[in-house]
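*Asks:* Please find one structure pasted underneath; my questions will follow.
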Amino acid sequence: MFSKLPPVTRALLIANVLMFVLQWFAGESMLGDILERLQLWPLGAGTDVYSAPAFMPWQLVTYAFMHASFGHLVFNMLALVMFGSQVEHVWGRQRFAAYYFTCVLGAALCQLAVGYATMLNGGDAYPTVGASGGIFGLLLAYGVLFPNQRVMLLIPPIPMKARTLVILYGVLELTMGVTGTMPGVAHFAHLGGMLFGWLLIRHWRRRPPTRGTRPRPPNIRIVR
């Protein structure tokens, strides 16, 4: 199964797992301090008021390769394999990679805005990690490409159409983000991944994307 995964999906899976193993062994060492600076820290962190690592531009991407727990990693990677592989088969490597990292960046920008607003209201500076922004973007893309495909939730195990799943998750994340349900989860980052993914798909639809790799022209033999 692993060997049959498309290349970008497989590379993302390997990179996320290796980074988690590195986090696991780093602990409180100097390497752990370096890895801490790869997490997404809010704007304004690292000052005299907030004794935390400062925001750096590379964090807009590196945070998406780090995870807070083994369960966090497993659920994200499972969704990456389930949805990402199908999307990559349709769009091809370059378009899939561009889409995924656009969702990652969009999620980071939305989380930076939320984190900055939280700090202005006296909240603490806390980091954000996880591939969930990109994963939620892939979920949206899967729902757009395969709207009537039947999918099964893990908890609870209820079958539904992919389009229904996308709408359900979007409404659920918005509700939990506005009401403050499940604190510690970056709900608006998830929504940011979906939003930027939707905007990119809208942009592409004005210029229809190439579906996968371009087929080679057939060999033509001239019979004399």
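The values are calculated or read from the model by the stated rules, or taken from the named source; none is laboratory data. As the structure is a computational prediction, the values presented were derived from the model and not from experiment. Glycine gets a Cβ as well: all are built from the backbone with ideal geometry, and neighbour counts include every protein chain shown.
Rundown of residues vs (1) touching an Asp or Glu at 6+ places or on another chain (Cβ under 8 Å); (2) assigned to a strand (DSSP E or B); (3) surrounded by 11 or more Cβ atoms within 10 Å (Cβ to Cβ); (4) modelled with pLDDT of 90 or more, yes/no style:
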residue	(1), (2), (3), (4)
15	no, no, yes, yes
19	no, no, yes, yes
28	no, no, no, no
35	no, no, yes, no
38	no, no, yes, yes
42	no, no, yes, no
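*Asks:* Could you list, in sequence order, the residues of the range 156-190 that are assigned to a loop (DSSP other than H, G, I, E, B) and hydroxyl-bearing (Ser, Thr, Tyr)?
*Replies:* Filtering the range 156-190 for residues assigned to a loop (DSSP other than H, G, I, E, B) gives 156-158, 180-186.
Selection gives 181 alone.
*Asks:* What residue, of 114, 87, is β-branched (Val, Ile, Thr) and at pLDDT 95 or above? Can you show your working first?
*Replies:* Details: 114 fails: at pLDDT 95 or above.
Of the residues listed, the single one that is β-branched (Val, Ile, Thr) and at pLDDT 95 or above is 87.
*Asks:* What number of residues in the range 1-13 are in contact (Cβ under 8 Å) with a residue 40 or more places away in the chain and either exposed (fewer than 13 other Cβ atoms within 10 Å of the Cβ) or not β-branched (Val, Ile, Thr) (or both)?
*Replies:* Residues of the range 1-13 in contact (Cβ under 8 Å) with a residue 40 or more places away in the chain: 5-9, 12-13.
Narrowing further to those that are either exposed (fewer than 13 other Cβ atoms within 10 Å of the Cβ) or not β-branched (Val, Ile, Thr) (or both): 5-7, 12-13.
Going through the range 1-13 one residue at a time, the tally reaches 5.
*Asks:* If you take the residues in the range 44-71 that are of a type outside the set (A, V, I, L, M, F, W, C) and modelled with pLDDT under 85, which one is surrounded by the fewest Cβ atoms within 10 Å (Cβ to Cβ)? Please lay out each step first, then the result.
*Replies:* Initially, the range 44-71 is screened for residues of a type outside the set (A, V, I, L, M, F, W, C), giving 44, 46-48, 50-51, 53, 57, 59, 62-63, 67, 69, 71.
Those left that are additionally modelled with pLDDT under 85: 44, 46-48, 50-51, 53.
Values: 44: 17, 46: 17, 47: 11, 48: 5, 50: 16, 51: 9, 53: 17.
My answer is 48.
*Asks:* Next up: Under 7 Å between Cβ atoms, which residue pairs at least 6 apart in sequence (or on different chains) link something in the range 25-46 that is under 15 Å from residue 124 (Cβ atoms) with a partner that is at pLDDT below 75 and not in a loop (DSSP other than H, G, I, E, B)?
*Replies:* Hits for this filter: 42/119; 44/119.
*Asks:* When both residues are 6+ apart or on different chains and their Cβ atoms are under 7 Å apart, which pairs have a first residue that lies in the range 143-166 and is under 17 Å from residue 194 (Cβ atoms), and a second that is of a type in the set (Ser, Thr, Tyr)?
*Replies:* 162/142
*Asks:* A further question follows. Quick one: residue 214 ticks every box in (1) modelled with pLDDT under 85; (2) within 27 Å of residue 16 (Cα to Cα) bar one, so which box is it?
*Replies:* (2)
*Asks:* Restricting the search to the range 124-180, which residues are small (Gly, Ala, Ser), modelled with pLDDT under 90 and surrounded by 13 or more Cβ atoms within 10 Å (Cβ to Cβ)?
*Replies:* We begin by selecting, within the range 124-180, every residue small (Gly, Ala, Ser); these are 125, 130-134, 137, 141, 143, 162, 170, 177, 180.
If we keep only those that are modelled with pLDDT under 90 as well, we get 125, 162, 170, 177, 180.
Across the range 124-180, the qualifying residues are 125, 162, 170, 177.
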